[in-house]
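Below: one structure, written as structure tokens.
The values are calculated or read from the model by the stated rules, or taken from the named source; none is laboratory data. Given the structure is predicted, the values throughout are model-derived calculations rather than measurements. Because the Cβ atoms are built from the backbone with ideal geometry, glycine has one as well, and the counts that use them run over all protein chains shown.
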Amino acid sequence: MEALREARKNREVSEVKQRVAVYPGSFDPVTNGHLDLIERCAPLVDRLIVAVLRNAGKEPLFTTDERVEMLRQAVAHLGNVEVDSFDGLLVEYARRRGACLLLRGIRAISDYEYELQMALMNRRLAPEIETMFMMAGEAYSFLSSRLVKEVIALGGDVRGLVPPQVEAKLRERLPPRTSQAT
Ligand code: PNS
């Protein structure tokens, strides 16, 4: 209880300073669903830091620098949004950046279990930092970076799902596979 009171006090102090939120993710690559969420959150906070996970453990299609650059281009019109990268524990990064909020997007119920686990673990590690879930517009409720890559690789149309410069990079990186005659 004492720890929680202390955490709330620290949060109040940081709220007086600036309300900083971190939106973490792989962003491999950024989609219009991510951008929709960024545009919804940016007016609610003083500063929104979009933080690209560096190591990922997975094998990203784009390097960290490429993912950061694509995001920077896509959010250039938003004055209080910054793009950065991080590795290690998310909450440690958020603390270093003075954030009181973590932003995560929820699309469908299927996202909820994983997101809840992460949010509760992050709360245990850093009780002074809250996780805020937001929903992108329903037009993006089916959208994921993984599906966009699959559709591009199979020669499909992803216009309207990613920014044009991201679509161009995807086409460069994933030329459509030609089907083999059997
Ligand atoms: O876009 P993603 O891949 O769903 O994002 C996942 C991300 C980056 C939010 C998550 O993997 C993360 O926070 N990684 C940092 C390491 C960490 O803090 N792990 C403990 C989280 S409970």
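Details
- The residues of segment 102-134 that are more than 11 Å from the ligand (Cβ to nearest atom), over 19 Å from LEU53 (Cα atoms), modelled with pLDDT of 95 or more and not acidic (Asp, Glu), listed by number, are PRO127, MET134.
- Hits in segment 39-60 (condition: surrounded by fewer than 19 Cβ atoms within 10 Å (Cβ to Cβ) and either of a type outside the set (Lys, Arg) or in a helix (DSSP H, G or I) (or both)): GLU39, ARG40, PRO43, LEU44, ASP46, ASN55, ALA56, GLY57, GLU59
- Close pairs from segment 84-97: first surrounded by 15 or more Cβ atoms within 10 Å (Cβ to Cβ), partner in a helix (DSSP H, G or I), Cβ under 6 Å, at least 6 apart: SER85/THR64; SER85/VAL68; PHE86/TYR93; VAL91/ASN122; VAL91/LEU125
- Residue check for SER110: out of contact with any helix residue (DSSP H, G or I) (no Cβ under 9 Å at 6 or more places or on another chain), closer than 23 Å to LEU143 by Cα and surrounded by fewer than 21 Cβ atoms within 10 Å (Cβ to Cβ): yes
- Filtered residues of segment 83-101 (kept if within 13 Å of the ligand (Cβ to nearest atom) and under 13 Å from the mean Cα position of the chain (by Cα)): ASP84, SER85, PHE86, LEU90
- Of all residues in segment 40-71, those that are more than 12 Å from the chain's Cα centre (by Cα) and either within 16 Å of PRO24 (Cβ to Cβ) or not basic (Lys, Arg) (or both) total 21.
- Conditions (1) crowded, with 17+ Cβ neighbours inside 10 Å; (2) in contact (Cβ under 8 Å) with a residue 40 or more places away in the chain; number of the one not met by VAL158: (2)
- Pair list, Cβ under 6 Å, 6 or more apart: segment 113-125 residue in contact (Cβ under 8 Å) with a residue 12 or more places away in the chain, other residue near the ligand (Cβ under 8 Å from one of its atoms): GLU115/ARG104; ASN122/VAL91; LEU125/VAL91
- Against the conditions (1) assigned to a helix (DSSP H, G or I); (2) within 13 Å of the ligand (Cβ to nearest atom); (3) surrounded by 13 or more Cβ atoms within 10 Å (Cβ to Cβ), ASP36 satisfies every one except (2).
- Some residue of segment 65-81 being out of contact with any Cys (no Cβ under 8 Å at 6 or more places or on another chain), at pLDDT below 95, within 14 Å of the ligand (Cβ to nearest atom) and not in a loop (DSSP other than H, G, I, E, B): no
- Restricting the first member to segment 43-61 and to residues that are over 17 Å from GLY98 (Cα atoms) and among the charged types (D, E, K, R), and the second to residues that are near the ligand (Cβ under 8 Å from one of its atoms) and part of a strand (DSSP E or B), the beta-carbon pairs closer than 7 Å and six or more apart or on different chains are ARG54/PHE86.
- Among residues of segment 1-23 that are closer than 21 Å to ILE38 by Cβ, those with a Cβ under 9 angstrom from a residue that is at pLDDT below 75, sequence gap 6+ or separate chain, pair up as VAL20/SER14.
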